[in-house]
């Protein structure tokens, strides 16, 4: 696959995959998601790659789903069609990153919103710049049950996750680290170097041992209910598309409704 909306580079056992739609704040449309999924599979199958970094070009990591594309290309999907599309492009793609056989590190700066939040939290580790912030205004603004993959309580704890989702507010990088979601916070100018240094250190470890360790920790989370809860929420999210609030937001324009919701949350 030829990549147009991501960048793919490898060096000394580290693969760096970067979202590359800076003019659209790296909004995640169909093409970007399909390229990203292909790149993750490619890195996983490359025996020379030991660690994968997920980063982004431009001022922000990601504004979330490309809502303008959704309304343009998929304005009137049936329940069945929407379910199938979102299951493949959101749920399955995310879980493939979660299950990747190699360690993954998210390198986050600027805004990391909604689908951006769920994407970076599929990675094993997160390094964030001091200016990074995380938000999921979906439930607070358009009435859908958050994003498709509700990883929030697993990485923040139930109470902090509820506060974030109920208010539609922001979580600073420092707050995210205090909650245990982010591993390291560094100045913006040091972000790429700090992430690469961490990746290089991990790349020096025996890869099969890391693969088994990752599998054990992920299995522990599955025993606690992670995968079942992710699937259960995905089903709930699909139901929320049928609410009057979501239908009204769709008619008015999802992106505009979310902007209004953010303004209310900030006031």
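The values are calculated or read from the model by the stated rules, or taken from the named source; none is laboratory data. This one's a predicted model, so the numbers in the text were calculated from it and none came from an experiment. For neighbour counting, all protein chains shown are included, and Cβ atoms are generated from backbone atoms with ideal geometry for every residue, glycine included.
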Test residue 105 against the stated conditions and say whether it is over 19 Å from residue 20 (Cβ atoms) and assigned to a strand (DSSP E or B).
no
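Considering each residue of the range 39-55, count those that are in contact with a strand residue (DSSP E or B) (Cβ under 9 Å, 6 or more places away or on another chain) and either assigned to a helix (DSSP H, G or I) or at pLDDT below 95 (or both), and give that number.
5
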Criterion first (farther than 23 Å from residue 56 by Cβ, part of a helix (DSSP H, G or I) and in contact with a helix residue (DSSP H, G or I) (Cβ under 7 Å, 6 or more places away or on another chain)) does residue 234 satisfy it?
yes
Please go through the range 1-30 and give me each residue that is assigned to a strand (DSSP E or B), in contact (Cβ under 8 Å) with a residue 24 or more places away in the chain and closer than 17 Å to residue 42 by Cβ, ordered by number.
6, 7, 8, 10, 14, 15, 16, 17, 18, 19
Pick out the one residue from 145, 139, 199 that is closer than 27 Å to residue 82 by Cα and assigned to a helix (DSSP H, G or I).
139
Restricting attention to the range 248-265, which residues are surrounded by fewer than 13 Cβ atoms within 10 Å (Cβ to Cβ) and either outside any helix (DSSP H, G or I) or modelled with pLDDT of 70 or more (or both)?
248, 251, 252
Kindly check whether there is at least one residue in the range 171-184 that is farther than 17 Å from residue 121 by Cβ, touching a helix residue (DSSP H, G or I) at 6+ places or on another chain (Cβ under 9 Å) and in a helix (DSSP H, G or I).
no
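Kindly check whether there is at least one residue in the range 66-89 that is outside any helix (DSSP H, G or I), in contact with a strand residue (DSSP E or B) (Cβ under 8 Å, 6 or more places away or on another chain), without any contact (Cβ under 8 Å) to a residue 60 or more places away in the chain and within 30 Å of residue 239 (Cα to Cα). Can you show your working first?
Filtering the range 66-89 down to residues outside any helix (DSSP H, G or I) leaves 66, 74-78.
Still in the list and also in contact with a strand residue (DSSP E or B) (Cβ under 8 Å, 6 or more places away or on another chain): 66.
After this cut, where a residue has to be without any contact (Cβ under 8 Å) to a residue 60 or more places away in the chain as well, the list is 66.
Retained after the next criterion (residues that are within 30 Å of residue 239 (Cα to Cα)): 66.
Yes - at least one qualifying residue is present in the range 66-89.
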